[in-house]
1. What is the local net charge at G10, summed over the other residues whose Cβ is closer than 11 Å to its Cβ (Lys, Arg +1; Asp, Glu -1)?
2. With θ set to phi - 60°, apply the Karplus curve 6.51 cos²θ - 1.76 cosθ + 1.60 along the range 15-30 and write out the HN-Hα couplings as whole Hz, x wherever there is a Gly or Pro.
3. When the Karplus curve 6.51 cos²θ - 1.76 cosθ + 1.60 is applied with θ = phi - 60°, which whole-Hz ³J(HN,Hα) does each residue of the range 172-187 get, with x for Gly and Pro?
4. What full-extension length gain, to one decimal in nm, is calculated for E206 and A158 as 0.36 nm per residue of separation minus the Cα-Cα distance?
5. Could you tell me the center-to-center distance, by alpha carbons, between the range 245-285 and the range 86-149 in angstrom?
6. When the helices in the chain are scored as -39500 (n - 2.57) per DSSP H run of 4 or longer and the sum is shared across all residues, what 222 nm value do you end up with, to the nearest 500 deg cm²/dmol?
7. With a ≥ b ≥ c taken as the square roots of the eigenvalues of the C-alpha gyration tensor of the range 224-356, please select rounded if a/c is under 1.5 and otherwise prolate if a/b is larger than b/c or oblate if it is not?
8. For the charge dipole of the chain, defined by +1 on Lys and Arg C-beta atoms and -1 on Asp and Glu C-beta atoms about the Cα centroid, which residue among A66, A208, M149 has the Cα displaced farthest towards the positive pole?
Amino acid sequence: MDHMRSYKLGVLAGDGIGREIIEATTAVLEAAAKKKEVKIEWVPLPMGFKAIEKNEQPMPESTITALTGCDGWLLGPHDSASYPERYKAIRNPSGELRHRFDLYANIRPAKSSPFVEGLVQDADLIIYRENTEGFYVDRNMYQGVGEWMVTTDVAVTAGVFTRQAIERIAHAAFQKARTRRKKVTIVHKANVIRLGTGLFLRVCQEVAKEYPDVEVDDYHIDAMCAHLVRRIHDFDIVVTENMFGDILSDLTGELVGSLGLAPSINANDTYAMAQAAHGSAPDIANQDIANPMGMLQSAVMLLDWLGERHDDVNLGAMSASIEEAVSKTLSQGVRTRDLGGEAGTREFAQAIIKSL
Ligand code: ATP
């Protein structure tokens, strides 16, 4: 089958439940790829504890170099809070990759599912979180970290907002809105953080003028939390700065069911990294009980991103077939323990493969 397009995908299993959810995810992708005439070349790469053992770095340079030759990659969770002390002062593996590859858009959808009981049942929105600056001090400086201790009792933390970074996340948000319900909500706190988030609001509003077909509104971050709880169905695309986006996406993830199911990709115009919102869950590692859905749905987002980028309908068909198989599996009552079921990680993945 020479006409099959081949994609090189990095696989960074990481720590805790990483290996189990990554194995389940790649097994499902492999089965779906075969059916839709897509060829995937998997590139396993060390990250986390394994990399510390082997390369004395949680995110080795050799891994980063290998990723530059990949079309995208799956990033498992890392348990960086348990790394030896000398690694805690450096950026954690996911922060390092976001920074090194300038993955400026963290895209986090929250969509209700008829098979998952959420606090709301009518959500279908996507958060576009600026991923490179704002209040996250580990990545908002060219060199060093954006906070200081003046004395042992005085800390100063700097937020950074630049026109360039705001423009590109705003364009990404507005372009996506055009493919959906054509509505963008800008989230900020321009009444108090007038210069920083004020610039964020102003630049987003300027970009909005280039998309006259897209409706725009804006809310302060605090009010937005209330509006999401009250009427989440009214929101389509939400664009916001780094920390606000991180917090809002935990809220929306939990509102539609469970943070454990929440997917995301980190992307720029060249690379995309699939990453589940949850952590490494060391308390349930190596027991074959972790839910692989967050990782799998993140991989599905990566397939859609690759499909758009390479104009490859087979990838779109592949991701749609996985979505369908997941729904079918859940509708049959097969689910992992965290969702009240009894299926193990492997068993759940096999059930999805059977439904494909
Ligand atoms: P991090 O700081 O790395 O984000 P965390 O300590 O905040 O991690 P998680 O590792 O996400 O949190 O774990 C929080 C709780 O959710 C734990 O009890 C864990 O077992 C559970 N959990 C997380 N991910 C999953 C999953 N995929 N399947 C089942 N349970 C999970």
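1. -1
2. In residue order, the calculated couplings are 10, x, 7, x, 4, 5, 6, 6, 4, 4, 5, 5, 5, 5, 4, 4 Hz.
3. Working through the residues one at a time gives 4, 5, 5, 5, 5, 4, 4, 8, 10, 8, 6, 9, 10, 10, 8, 10 Hz.
4. Roughly 14.8 nm would be gained on extension.
5. Answer, in whole Å: 9.
6. Theoretical 222 nm ellipticity from helices: -13000 deg cm²/dmol.
7. It comes out oblate by the Cα gyration axes.
8. Positive-end residue among those listed: A208.
Every read-out reported here was derived from the displayed coordinates using simple, explicitly stated rules and does not represent laboratory data. Just so we're clear, the structure is a prediction, and the values are computed from it rather than from any experiment. As a convention, Cβ positions derive from the backbone with ideal geometry for all residues, glycine included, and neighbour counts pool all protein chains shown.
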